[in-house]
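The values are calculated or read from the model by the stated rules, or taken from the named source; none is laboratory data. Predicted, not measured: the structure shown is a model, and the values here were computed from it. Cβ: placed from backbone, ideal geometry, glycine included. Neighbour counts: every protein chain shown. These accessible areas exclude ligands, DNA and RNA; they are computed on the full protein's heavy atoms, side chains included. Shrake-Rupley method; radii C 1.70, N 1.55, O 1.52, S 1.80 Å.
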Amino acid sequence: MKNPLLLGCKGCGNAIVEAAFALAGVPLDVEEVDYSEASPTRERLLAVNPLAQVPALVLPDGRVLTESLAILHYLDDLEPGATLIPPPGDATRAAFYRWSVFLVAAVYPTYTYGDDPKKWVANEEGAKQLRESTDRHRQSLWLQIEAGAGAPWFLGERRSCLDLYLAVMTRWRPGLLWFAKNTPKVVAIAKRAAALDAVAPVMQRNFG
Ligand SMILES: N[C@@H](CCC(=O)N[C@@H](CS)C(=O)NCC(=O)O)C(=O)O
């Protein structure tokens, strides 16, 4: 195996990683897997990532990297010129730390527990409540992100992989209409990032 291999599914968080590799100009192979319980490719995903989540990256030497932000840090080490992460000493680095972890540690779990809520609670009523409460909580998180957003990129003049998270995550619940109405700064950044030459084909493949 010559290139890193990314396990992912269409429209999932692996699109953030794919976009970052494209921006960095690092070749990447992609393998489609489906994390759902009944899927024939779930065993394959579990063998790579026991958490059964995508993205999961297999490096050419066999090492495995999971967690989107960890993969982006790895890629930034490989290609610091790709402007994924503000370099040490940059004034935006503290904001990058804050909001990158906010996206993966606050926003992402609302999907983990809300996408298939039956996994986590005893009955249908509980599942309905968990779906509603995680959907509601996510909206309040996005309003905080909107309040922290700069222009033309999230960090202001400096582009970063935060913009890629926004490009992909605004395609998920609560949906583009909600984002357009409630988080116009986030949407402007997301659109700008999705239109980058390297990123547009990734968006097309995942959401087209
Ligand atoms: N913290 C992880 C979250 C990854 C994640 O939740 N991915 C979703 C797809 S977008 C997934 O695999 N969901 C299936 C599950 O959680 O069981 C990351 O940042 O990579």
Legend entry - Average accessible area per residue (Å²) across the range 61-208 - probe 1.4 Å, nucleic acids and ligands excluded: 51
Inset, instruction - Could you work out how far apart the two model spin labels at Asn182 and Asp77 are, taking each label as a point 7 Å from the Cα in the direction of the beta carbon, and quote it in nm? - result: 3.7
Legend entry - Cross-link pairs Lys10/Lys119; Lys2/Lys119; Lys10/Lys128; Lys10/Lys181 - those with Cα-Cα distance over 29 Å: Lys2/Lys119
Inset, instruction - Among the GluC sites (Glu not before Pro) in the range 118-207, which ones are in a DSSP loop with at most 14 other Cβ atoms within 10 Å of the Cβ? Mind listing them? - result: Glu157
Inset, instruction - Mind checking the full-extension length gain between Val121 and Gln204? Use 0.36 nm per residue of separation minus the Cα-Cα distance, one decimal, nm. - result: 26.3 nm
Legend entry - 1.4 Å probe accessible area per residue over the range 1-58, in Å²: 45
Inset, instruction - Restricting things to alpha carbons, find the Rg to Rh ratio for the range 12-106 using the Kirkwood radius for Rh. - result: 1.00
Legend entry - Charge tally in the Cβ shell below 10 Å around Val58, where Lys, Arg are +1 and Asp, Glu are -1, Val58 excluded: -2
Inset, instruction - Take the Cα atoms of the range 84-197, build their convex hull, and give its volume per residue in Å³. - result: 100
Legend entry - Residue with peak Gaussian network fluctuation, the chain [Cα springs, cutoff 10 Å], from Trp178, Trp120, Trp99: Trp120
Inset, instruction - Place a +1 charge on the Cβ of each Lys and Arg in the chain and a -1 charge on the Cβ of each Asp and Glu, then give the dipole magnitude about the Cα centre in debye, rounded to the nearest 20. - result: 580
Legend entry - Max mean-square fluctuation residue, GNM over the chain, Cα-Cα springs under 10 Å, options Asn123, Asn182, Asn14: Asn123
Inset, instruction - Express the carbon and sulfur contribution to the solvent-accessible surface of the chain as a percent, rounded to the nearest whole number, probe 1.4 angstrom. - result: 56
Inset, instruction - List every residue whose amide H lies under 5 Å from the amide H of Ala56, counting only residues 5 or more places away in sequence or on a different chain, with H placed 1.01 Å from N in the peptide plane. - result: Leu7
Legend entry - Extended-chain gain in nm, criterion 0.36 nm per residue less alpha-carbon gap, Leu51 and Thr66: 4.5 nm
Legend entry - Diffusion coefficient, µm² s⁻¹, Stokes-Einstein with Kirkwood Rh over alpha-carbon pairs of the chain at 25 °C and 0.890 mPa s: 139
Legend entry - Of all DSSP beta bridges in the chain, antiparallel share, percent nearest 5: 65
Legend entry - 222 nm mean residue ellipticity, helices alone, for the chain (DSSP H n ≥ 4; -39,500 (n - 2.57); rounded to 500): -15000 deg cm²/dmol
